[in-house]
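This report concerns only the one structure given below.
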Amino acid sequence: MDELPSLSERQLGYVVAAVEEGSFTEAAIECSVSQPTLSASIGRLERDLGIALFDRIGRRIVPTDACLAMLPAARDLLRAAADARRAVSSVAD
């Protein structure tokens with residue numbers, strides 16, 4: 001069985017932000033990183049997955065079907081990670 005590539009919380013956050021903002025530049029601002037950093041991270045993820053997550057049309061980005069298929073799970077994982085951090089924080093307080 002082929003091993004699936006790993007997905008980091010950061011990469012998923014970048015993808016979600018890019019979909020929500022409609023551009024890598026705006027997503028980078030939202031994520032407090034440079035646009036080249038965000039673009040490179042998404043590009044690495046696309047290479048690791050072997051499929052494009054965004055169609056690049058000039059300065060616009062359009063999520064592909066693969067991206068849209070992944071989006072609900074990505075949002076769920078980001079919410080779960082935030083919930084886990086809150087749970088640990090509430091015990092630590």
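Applying the selection to segment 59-93, what residues are surrounded by fewer than 10 Cβ atoms within 10 Å (Cβ to Cβ) and closer than 15 Å to Ala18 by Cα?
Arg59, Pro72
Just to be sure before I move on: is Arg85 of a type in the set (D, E, K, R), touching a helix residue (DSSP H, G or I) at 6+ places or on another chain (Cβ under 7 Å) and assigned to a helix (DSSP H, G or I) in the structure I sent?
Answer is no for this residue.
Could you check how many residues of segment 29-39 are surrounded by 14 or more Cβ atoms within 10 Å (Cβ to Cβ) and among the small types (Gly, Ala, Ser)?
Here the count works out to 1.
Out of segment 40-55, which residues are touching a Phe, Trp or Tyr at 6+ places or on another chain (Cβ under 9 Å) and either surrounded by fewer than 13 Cβ atoms within 10 Å (Cβ to Cβ) or of a type in the set (A, V, I, L, M, F, W, C) (or both)?
Answer for segment 40-55, where residues must be touching a Phe, Trp or Tyr at 6+ places or on another chain (Cβ under 9 Å) and either surrounded by fewer than 13 Cβ atoms within 10 Å (Cβ to Cβ) or of a type in the set (A, V, I, L, M, F, W, C) (or both): Ile42, Leu45, Phe54.
Within segment 12-28, does at least one residue satisfy the condition of being hydroxyl-bearing (Ser, Thr, Tyr) and open to solvent by 50 Å² or more (accessible area, probe 1.4 Å)?
Within segment 12-28 (the criterion being hydroxyl-bearing (Ser, Thr, Tyr) and open to solvent by 50 Å² or more (accessible area, probe 1.4 Å)), the answer is yes, since at least one residue qualifies.
If a residue must be out of contact with any helix residue (DSSP H, G or I) (no Cβ under 7 Å at 6 or more places or on another chain) and at pLDDT 95 or above, how many such residues does segment 57-69 contain?
6
Could you tell me which numbered condition Leu7 fails, if it satisfies all but one of (1) modelled with pLDDT under 95; (2) exposed (fewer than 13 other Cβ atoms within 10 Å of the Cβ)?
(2)
Restricting the first residue to segment 1-28 and requiring it to be without any contact (Cβ under 8 Å) to a residue 24 or more places away in the chain, which pairs with a second residue that is among the charged types (D, E, K, R) and assigned to a helix (DSSP H, G or I) meet a Cβ separation below 7 Å and a spacing of at least six or different chains?
Ala17/Glu30; Glu21/Glu30; Ala27/Glu21
The values are calculated or read from the model by the stated rules, or taken from the named source; none is laboratory data. What you see is a predicted model, and the numbers here were worked out from it, not measured in a lab. Virtual Cβ from ideal backbone geometry, glycine too; neighbours counted across all protein chains shown. Ligands, DNA and RNA are stripped out before the accessible areas are found, and what is left, the full protein with its side chains, is counted by its heavy atoms. Shrake-Rupley method; radii C 1.70, N 1.55, O 1.52, S 1.80 Å.
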